[in-house]
Amino acid sequence: MFENLTGRLSDVIKTLKGEARLTESNIQKALREVRLALLEADVALPVVKDLIARVKEKAIGHEVMSSLTPGQAFVGVVHQELISIMGGEKEDLNLSTTPPAVILMAGLQGAGKTTSSGKLAKWLIEQKKKKVLLVSCDIYRPAAIHQLELLATQTGADFFPVQNGQKPGEIGAAALDYARKHHHDVLIVDTAGRLGIDEAMMNEISELETLLNPIETLFVVDAMQGQDAVNTAKAFSEALPLTGVVLTKLDGDARGGAALSVKHVTGKPIKFTGIAEKLTGLETFHPDRMASRILG
Ligand code: GDP
């Protein structure tokens, strides 16, 4: 991931060698390299434009400190702007509500909702010492419900079973009632996805959102989807009051652009990334660390 971006930026440093300060003309070539590198990494075009404009504004007239070369100073500006486009500060999962804190998982089928629900349960149990209840409202795919039950067993979370014929809203309400009575700190609600954006899916999850009033509504998106991830993110953020994003499959051969685009498109921070299929493959997201990783 990000190999081209890193490579192109090291070329940028070379092109700026010997310049006393950064000017509109001497950063042209550098900006072009950054632009190409971002596009190659599958960053959405409006995001690329915004980032380039910001880098340009900040870099021009930037006095180069004697300890830095102009190339290093330019890369420093890019670093800062990458952090800022990813939301600046790390944003924690919000659990500050009267328990049970409800976390609603939204996203397309195959994005990694069920896997991420399991990973999140493990993280909450082990790192935050929470009592967690898992429930699946995916009545269309019994295999998905079974998969979540298995993950509950593996993580030590409790699992709320579904009765035959129950609708998603009924399942959600019953699970919330159960979580209240049994003093769970967190209720994680996995939902049905579809292969594409679909009105029935959006209506169903919107109803669940209204009914359960989650403190976190996390949009789960597959980083490998590249530009499509951006379109999906836009559709979900328009239909639901999202509070954050889980960006999965960053361990694959994704070009990583989604990490830069998603906050810009949804206005919501990435809170976690999926970095492996296994249950330990979940990390909290740090914009500064990701920016450093991008710059190599
Ligand atoms: P859902 O339909 O959204 O619930 O998606 P699933 O949780 O069933 O995940 C779909 C596939 O992606 C499964 O094979 C998961 O093992 C895999 N998967 C999910 N998250 C990650 C991840 O972060 N890294 C990798 N490599 N695979 C993942």
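None of the figures in this text is laboratory data; all of them are computed from the coordinates on show. Bear in mind that the values here come from a model prediction, so they are computed numbers and not experimental data. Positions of Cβ are generated from backbone atoms using ideal geometry, with glycine treated the same way; all protein chains shown enter the neighbour counts.
Can you tell me the relative contact order of the chain? Whole percent, Cα pairs under 8 Å, sequence separation 6 or more.
Rounded, it is 24 percent for the chain.
Proximity of backbone amide H atoms, modeled 1.01 Å from N, is registered between F159 and L134 at under 5 Å, excluding neighbours fewer than 5 places apart on the same chain. Amide H to amide H distances under 5 Å link A101 with V186, L187, where only residues 5 or more positions off or on other chains count and H is placed in the peptide plane.
As a check on your grasp of the helix formula, calculate [θ] at 222 nm for the chain: sum -39500 (n - 2.57) over DSSP H runs of n ≥ 4, divide by the residue count, round to the nearest 500.
-16000 deg cm²/dmol
The mean sequence distance of close C-alpha pairs (under 8 Å, at least 6 residues apart), as a share of the length of segment 137-296, puts its relative contact order at 15 percent. What the phi angles of segment 121-135 give under the Karplus curve with 6.51, -1.76 and 1.60, with θ = phi - 60°, is a coupling list of 4, 4, 4, 5, 5, 7, 8, 10, 6, 9, 9, 10, 10, 10, 9 Hz, glycine and proline written as x. Within the set of other residues whose C-beta is less than 13 Å from the C-beta of G274, count the net charge using Lys and Arg as +1 and Asp and Glu as -1. After counting each charged neighbour, the total is +2. Distance from the Cα centroid of segment 130-148 to that of segment 262-296 is 25 Å (rounded to whole angstrom).
The simple spin-label model puts a point 7 Å past each Cα toward its Cβ; for S10 and T69 those points are separated by 1.2 nm. For GluC sites (Glu not before Pro), no site in segment 131-201 is both called loop by DSSP and has at most 12 other Cβ atoms within 10 Å. For the chain, the Kirkwood hydrodynamic radius from C-alpha pairs, put into Stokes-Einstein at 20 °C and a viscosity of 1.002 mPa s, yields a diffusion coefficient of 106 µm² per second.
Based on Cα contacts under 8 Å between residues 6+ apart, segment 21-91 shows a relative contact order of 40 percent. Measuring against 31 Å, Cα to Cα, the residue pairs K129/K278; K17/K271; K56/K119 contain K17/K271; K56/K119 as the ones spanning a longer distance. Counting charges near I197 (Lys, Arg +1; Asp, Glu -1) among other residues having Cβ under 12 Å from its Cβ returns a value of -2. Database remark: amide H of L282 closer than 5 angstrom to the amide H of I275 (H placed geometrically; neighbours at sequence offset of 5 or more, or on other chains; Pro and chain starts carry no H). Near K14: Cβ cut-off under 15 Å, other residues only, Lys/Arg at +1 and Asp/Glu at -1. The net charge is +1. DSSP beta bridges confined to the chain are antiparallel in about 10 percent of cases.
Using the Cβ-Cβ distance between N94 and I197 with R0 set to 22 Å, the FRET efficiency works out to roughly 0.25.
The phi-based Karplus calculation (6.51 cos²θ - 1.76 cosθ + 1.60; θ = phi - 60°) puts the 3J(HN,Hα) values of segment 157-173 at 7, 7, 10, 9, x, 9, 8, 3, x, 6, 8, x, x, 5, 5, x, 5 Hz, whole numbers, x for Gly and Pro. A Förster distance of 35 Å, applied to the separation of the beta-carbon atoms of L39 and K278, puts the FRET efficiency at 0.60.
The alpha carbon centroids of segment 159-227 and segment 1-61 are separated by 42 Å.
In loop segments of segment 77-139 as defined by DSSP, the trypsin sites (Lys or Arg not before Pro) with at most 12 further C-beta atoms inside 10 Å of their C-beta are K129.
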